[in-house]
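Chemist: Handing you a structure now.
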Amino acid sequence: MAPSTCRSGAATPVGGSPSAYNRILAAVAARDRIIERQSLVMQLAAQVAKETSTETAVKELVDATYKVVDCERVSLFLIEDGRLVCHAAPAGGEVAWTISLGQGIAGRVASSGQTMNVADAYNCIDIFDSTQDRLTHYKTNSILCMPIRDGTGEVIGVMQAINKKGVDVLGQHLAFDEVDEKLMDFLLAMTAQQIRLFELISEKEAATIRTDTAMQLIETICRQPELDEALLALAAGTKALMDCQRVFVFLKEQGSLVCRAAGRSGGSADVLGLRLDLGDRVVGAVSAAGRPMLFNLEDDLQDIVFLEEKLPMDCKDSFNAADCDDEGSVWPSRVISALCSPLVATETGETFGVILALNRKRGLSQGGVEAARSGSRGEASPSKGSPSRSSALGTLLRRQCSFGLNGGSTQIDVAPFTGGDVQRLDTLLRLASQFVQVSLSSARQLRTTQKLEALLSLLSDAKAKLQDGDTRRFASLILAKSLAMFECDRCTFFTVDSLNGELLGYYHADGDDKLQELRVPIQGIVGLVASTNKLLNIRDAWSDERFSNKTDLRTGYRTRTLLCAPLASSTGKVIAVLQCINKLRCEYFGPDDENMLLTVSALLSDLIQRMVMESGYESFVQKNDAIDTDVKDMFAQYHQGGALRSGAEVATRPATAAIGSAEDTANLVLRDFSRWDFVQDTLLEEPNKLHACLRGCFSYFGLLSAFCIPPASLDAWVQAMRARYSQRAMYHNWSHAIGTLHATFLLLTSWAFAGLLPDEDVLALLFAAIGHDVEHPGYTNTFLVNTRHQLAIRYNDISVLESHHASVTCGV
């Protein structure tokens, strides 16, 4: 019997209907397809197992998913830091973006661990977000989303297939069926363990690299001899270890936390001197608690806002190359996450500083992102072969926030710091803090030594400057040494001119070594210090009502800190004021600076008083109209270095020239005679010493040779004058004459008069000193006039004694 045939010409089995036969063929064909797909899954799983890295394994898994379920698009997510991070997306799709667990279809699958097979996405509007469809003009129909589990059953990621290819007999888009679910479950079960293994290996390698990096950083910090260099190395090392945007190193100073180093993208240092109070948020809280703290934008908004207000990020509305990583990706312009950890002293356990890291980053490079975007199968790819795939993301991608980009630069992925980051930073700081403490101690000792050296130099040079008679050089010396002693940016030295009711100030203009002078009334902060004899230490000048910022506004200079201290004499009278402006390193003037000022005042008060008297007398003479012009000219010529002999020229005259080189005793007497505490009894008792001393006094000024006075004639005149002094007078006697000569000689040889007077005047002064009270009867002019004494009658009652002393002196 011939076999029956159907319309299509196919053989029909005996005793059976064509429809049953077709169903049997269809079942056999379906079974064969399942077997083929199972075989394909086995092959693809084996291919994934051959890969040696997470990136290539993810790539092969994505390619396998396209082949197994025959879909248009595939996305793969891995769970990191409690969020789903996209590791692979279709061509043109964004990678590295994240979603929260429980959010959307993928988030729900990751959270519940249950597969979701959605036949029509738009019928599930409560869990399906169609935003991407509207933006890309793509229509999502069916979705198969399945969890990826490791060997322990823990969900480590999600695989999502979109839009099953093909249509049914009614022309409707096909949905993923039960077979697709089973095959995908089989594929994921065989490959998930391998991916997890690769991640563990990558984490181990990353931990090894971080450990090596930490040791290298410690070695780098140890090699830095200076504190600033050590802190900068610590900031740069922390930034490299944490892979973050910014790192700030704060040290405790004078009740505040001061930024002493900063590492930013590119590794440079900036914002040095930024000061935060110990009671401020974040850094203040960590300093007080002595333990690290984590902050992120979602959970600690107020703390993050505080950091944004205090810390500059330097990436605002325009592209800034300094705020890009090495591959050109743009950093965010705001704080997203922060890790703040204390610097703890090894021995005492006391917190002496804080490290603040901002915006941790871990993600694809520009090339990696582009490769991940273009490496997945396109939605309309007609190719039946396996198109090339490139690697997706790295092993640990971070949250990406929505920031505007310029020039097509890639956004940098920023995520919260984790407990692992805390442990790594804590290990680094435990090792580094000891070296930082040593550098800090050495820096403090060095600064103290430099201050003391400046003080000793000031003390040793100040007297020499004043003895030269140059008050300007003396003031310039005080200014130069004060800048070093008080570590300030500017310094002004004021002397109190009581005769004119003014303050005479000395200062150096910016970039000019020439000493400038100014005269101001005794008012303002300097006047207040001079009037009250009280020190003022101002930490914020512009917020102090006593400070006038007019000069700052005019010059553009900003006065921040101010130390204004009186310099008083031994009697307690304020003779000068030293004003120091803007402590360096953005510090405040502290108790050490105040104590240094007290030391300067105590040690230099006498010298400063001499300077004040000199400058005050000069100003008084020049401004007083009652003083003769010739006297003013003499003062001006003296201070301007005119034709008169200078003090140096007078000082070079050998005193022994007129006394005789053989008269050693006379030299010793004259040396003693040049002191204020000289006792003249030996001169009164030994005439030879007296004559030798007087010859030395006249010869010191070159008077014997200048006026051709024989030494013997001088001795005879002195003897005659001594004989004419009355021995009955209790005061106006020969001892008084020698005392007057002694004082006159000391004044003429002082810095104030050296070289000021011509030889004739010096000779007249020495003669007048010896003879100013010669033949004094011991009575006053009034007594002589009233008793009609013969001297009063001789000089017509006019300056009786003075006229008689002058007459006798000239007569002898």
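The values are calculated or read from the model by the stated rules, or taken from the named source; none is laboratory data. Only a predicted model underlies this, so the values are computations on that prediction, with no experimental measurement involved. We place every Cβ from the backbone using ideal geometry, glycine too, and count neighbours over all the protein chains shown. Surface accessibility is based on the protein's heavy atoms, side chains included, excluding ligands, DNA and RNA. Shrake-Rupley method; radii C 1.70, N 1.55, O 1.52, S 1.80 Å.
Chemist: Return yes or no: is GLN579 touching a Gly at 6+ places or on another chain (Cβ under 9 Å), crowded, with 17+ Cβ neighbours inside 10 Å and either at pLDDT below 90 or in a strand (DSSP E or B) (or both)?
Modeler: yes
Chemist: Additional query: Only residues in region 68-83 that are open to solvent by 10 Å² or more (accessible area, probe 1.4 Å) count as the first member; pair them with residues that are of a type in the set (Lys, Arg) and at pLDDT 85 or above, Cβ under 6 angstrom, at least 6 apart or cross-chain, and list the lot.
Modeler: ASP70/LYS165
Chemist: Further question on the same structure: For THR780, indicate whether it is surrounded by fewer than 17 Cβ atoms within 10 Å (Cβ to Cβ), at pLDDT 85 or above, over 60 Å from the mean Cα position of the chain (by Cα) and over 26 Å from TRP676 (Cβ atoms).
Modeler: It is true that THR780 is surrounded by fewer than 17 Cβ atoms within 10 Å (Cβ to Cβ), at pLDDT 85 or above, over 60 Å from the mean Cα position of the chain (by Cα) and over 26 Å from TRP676 (Cβ atoms).
Chemist: Among what's in region 69-98 and is among the aliphatic types (A, V, I, L, M) and at pLDDT 80 or above, pick the residue that is farthest from the chain's Cα centre (by Cα).
Modeler: VAL69
Chemist: Something else: Which one of these does GLN132 not meet: (1) under 22 Å from ILE195 (Cβ atoms); (2) within 54 Å of the chain's Cα centre (by Cα)?
Modeler: Evaluating GLN132 over (1) under 22 Å from ILE195 (Cβ atoms); (2) within 54 Å of the chain's Cα centre (by Cα) leaves (1) as the failure.
Listed here are the residues, each with its yes/no results for (1) open to solvent by less than 30 Å² (accessible area, probe 1.4 Å); (2) among the polar types (S, T, N, Q); (3) within 60 Å of the chain's Cα centre (by Cα).
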site	(1), (2), (3)
GLY696	yes, no, no
PHE707	no, no, no
LEU714	yes, no, no
ALA720	yes, no, no
SER735	no, yes, no
LEU748	yes, no, yes
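Chemist: Looking for whichever is at pLDDT below 80 and open to solvent by less than 70 Å² (accessible area, probe 1.4 Å) here; the options are PHE176, PHE186, PHE250, PHE198. Which one fits?
Modeler: PHE198
Chemist: Exactly one condition in (1) closer than 18 Å to ALA568 by Cα; (2) over 29 Å from the mean Cα position of the chain (by Cα); (3) surrounded by fewer than 19 Cβ atoms within 10 Å (Cβ to Cβ); (4) β-branched (Val, Ile, Thr) is false for THR495; which is it?
Modeler: It is condition (3) that THR495 fails.
Chemist: Same structure, new question: Considering each of CYS259, CYS244, CYS315, CYS324 in turn, give the residue that is at pLDDT 80 or above, touching a Ser or Thr at 6+ places or on another chain (Cβ under 9 Å) and surrounded by 15 or more Cβ atoms within 10 Å (Cβ to Cβ).
Modeler: After ruling out the rest, the residue left standing is CYS244.
Chemist: Tally the residues that are charged (D, E, K, R) and in a loop (DSSP other than H, G, I, E, B), restricting the search to region 512-553.
Modeler: Counting residues in region 512-553 that are charged (D, E, K, R) and in a loop (DSSP other than H, G, I, E, B) gives 9.
Chemist: Oh, and also: Please specify each residue of region 277-301 satisfying the condition of being at pLDDT below 85 and open to solvent by 80 Å² or more (accessible area, probe 1.4 Å).
Modeler: Listed by number, the residues that qualify are ASP277, ARG281, GLU298, ASP299, LEU301.
Chemist: Given the criterion aliphatic (A, V, I, L, M), open to solvent by 30 Å² or more (accessible area, probe 1.4 Å) and more than 19 Å from TYR588 (Cβ to Cβ), identify the matching residue among LEU553, LEU515, LEU567.
Modeler: LEU553
Chemist: For the condition within 33 Å of the chain's Cα centre (by Cα) and exposed (fewer than 13 other Cβ atoms within 10 Å of the Cβ), what is the one hit in ARG490, ARG546, ARG560?
Modeler: ARG546
Chemist: Moving on to the next point. Picking from LYS59, LYS50, which residue would you name as being at pLDDT below 80, in contact with a strand residue (DSSP E or B) (Cβ under 9 Å, 6 or more places away or on another chain) and under 20 Å from PHE186 (Cα atoms)?
Modeler: LYS59
Chemist: Which residues, taken from region 518-536, are farther than 18 Å from ASP552 by Cβ and either of a type in the set (Ser, Thr, Tyr) or open to solvent by 40 Å² or more (accessible area, probe 1.4 Å) (or both)?
Modeler: ARG519, PRO521, ILE522, LEU528, SER531, THR532, ASN533, LYS534, LEU535
Here is a yes/no grid of residues against (1) surrounded by 18 or more Cβ atoms within 10 Å (Cβ to Cβ); (2) not in a strand (DSSP E or B):
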{"position": "TYR122", "(1), (2)": "no, yes"}
{"position": "ARG134", "(1), (2)": "no, yes"}
{"position": "THR140", "(1), (2)": "yes, yes"}
{"position": "ILE148", "(1), (2)": "yes, no"}
{"position": "THR152", "(1), (2)": "no, yes"}
{"position": "MET159", "(1), (2)": "yes, no"}
{"position": "ILE162", "(1), (2)": "yes, no"}
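Chemist: All but one of (1) free of Cβ contacts under 8 Å to residues at least 24 places away in the same chain; (2) closer than 27 Å to CYS259 by Cβ; (3) in a helix (DSSP H, G or I) hold for ARG585, so report the exception by its number.
Modeler: (1)
Chemist: Continuing with this model, one more query. Tell me yes or no: at least one residue of region 468-480 is modelled with pLDDT of 85 or more, in contact with a His (Cβ under 7 Å, 6 or more places away or on another chain) and assigned to a helix (DSSP H, G or I).
Modeler: The answer is yes; a qualifying residue exists.
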